[in-house]
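Presented below is the structure to which this report refers.
Every number here is computed from the coordinates shown, using simple stated rules; none is lab data. On a predicted model such as this, the values are computed, not experimentally measured, just so you know. Cβ sites come from the backbone with ideal geometry, for glycine too, and all protein chains shown count toward neighbours.
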Amino acid sequence: MLMNHIAPIRMITISRQFGAGGRELADRLAQALGWKVWDRDVLGEVARGLRSPEAELAQMDDAEVDRTLWGRLRNQPAHRAYLAMLKEYLDQLAEEGGTVVVGRGASILLRYRAGGLHVRLVAPLAVRSRRVQESEPKLDSAAAQARCLERDEERSRFVKYFFGEDVGDPLAYHVTVNTGALTPAATGETLVRLVHGQSHPGGVSAPEPESTRPQPRIITLSSQLGSRETDLGRELARRMNLTCWDRESFSREAEIAAGPDADLGEVNPNAFEAFGGAVGRIAGGGDAILVGGGSSAFLKDHPTALRVKLIAPASERIRRVGEYRWIDPRSAEQSIAESDKRRGLFYEHFFGIDWDDPLSFDLVLNTAALGPRTVPLIAEAARLKWQGSSKVGYYYVG
């Protein structure tokens, strides 16, 4: 688990693909919360602590990492000193609180500190390259895309080299946001309310007036087995005055014997079409939470559907599955592996979608890390999407 999810949030770390709006989100959070943003200036503080020129430390930062065996051996002492000082400085910032840290591997170095919220921003390459072109008009589309890919590789290499981890692994964060669907403006407002422990009353406890809220209100929940999609769906429905549709109710609406099973196994093409029709009718009526059944893929182009995927670490999933299926950990682990495989094949076969790609959703949430904050976060993000706030905003590239 990434943090004690009961502790008040006192620090936010932001990891980002290039052009996904990381710096804009950081600035919005800092302005709204009265916090300070740390980005490249962290490097300067570490350089002063090591009494090294900042330019030398920059060679150990995102862009310049010697990946050869000789380079690793030659630079080990300097790298160890750099990481030790970086960890020490980030620990100090975390202790002080009121801080937003962009990059620098902060989400990894501060993973186990209480009071941290770790956020990852992604967006489709076309969206990110367009934002880069807006900030650098001299770049054509191809050059902007190349810039995005180059910077992504640099950041990925930095994290892999120093920490041995995949920078894009959603389990390394509490929240992964697709800013092609929810802009940094909407994301910032959602996270500010989360920090304050608030939820908009129209987003959680009562419906908004018919005259002010657009239709339809739709949330789709997809999840890894053991990530609590069913109970979270029911809780969201209860608190937001929405109807919760699970696979049994989908099947009744589709007038078929059974929809895709709990693990999205083999699906008859005719049943699949009937199931898709049922999802479309339910979405057309609005005020619904659709749990599983490929609803996120069926509604991938729906303008007001908030598409959420729920994930959790393997240990937590094994524990949950073992408890509600009354099976031993080894059997639970096997069930999870089979489920993940079948669900992935289902999305790939019928939709041509990579189920493991965060870009296939608007939000990917680590339910073990977020805990009770999962429901208000989804509710607030949905409210903003329904209001159209996610279409408003400007972007910094970064």
Per residue of the range 177-192, what does 6.51 cos²θ - 1.76 cosθ + 1.60 with θ = phi - 60° give for ³J(HN,Hα)? Whole Hz please, x for Gly and Pro, Karplus curve as stated.
10, 8, 6, x, 10, 10, 5, x, 5, 5, 4, x, 4, 4, 6, 4
Rank-order 325-332, 143-150, 98-105 by packing density, defined as the average count of other C-beta atoms within 10 Å over each peptide's residues, highest first.
98-105, 143-150, 325-332
Calculate the dipole size of the range 262-375 relative to its Cα centre from +1 charges on Lys and Arg beta carbons and -1 charges on Asp and Glu beta carbons; express the result in debye to the nearest 20.
300
List, in order, the whole-Hz ³J(HN,Hα) value for each residue of the range 299-307 obtained from phi through the Karplus relation with A = 6.51, B = -1.76, C = 1.60 and θ = phi - 60°; use x for Gly and Pro.
10, 4, 9, 6, x, 10, 7, 8, 9
So what J values fall out for the range 341-350 if you push phi through Karplus, 6.51 cos²θ - 1.76 cosθ + 1.60 with θ = phi - 60°, rounded to Hz, Gly and Pro as x?
5, 5, 5, x, 5, 4, 5, 5, 5, 8
The set of residues whose placed amide H lies less than 5 Å from the amide H of Arg120, leaving out same-chain residues fewer than 5 positions away, is Ser15, Val175, Thr176, Val177
Of the listed pairs Lys160/Lys309; Lys36/Lys385; Lys138/Lys160; Lys87/Lys300, those with alpha carbons more than 30 Å apart are Lys138/Lys160; Lys87/Lys300
One can check that the equivalent ellipsoid of the range 209-363, built from the alpha-carbon gyration tensor with semi-axes equal to the square roots of five times its eigenvalues, has lengths in Å, largest first, of 26, 18, 15
Listed peptides 173-185, 237-249 by packing density, highest first (mean Cβ within 10 Å)
173-185, 237-249
For Cys244, enumerate residues with amide H under 5 Å from its amide H, sequence gap 5+ or separate chain, H modeled in the peptide plane.
Ile289
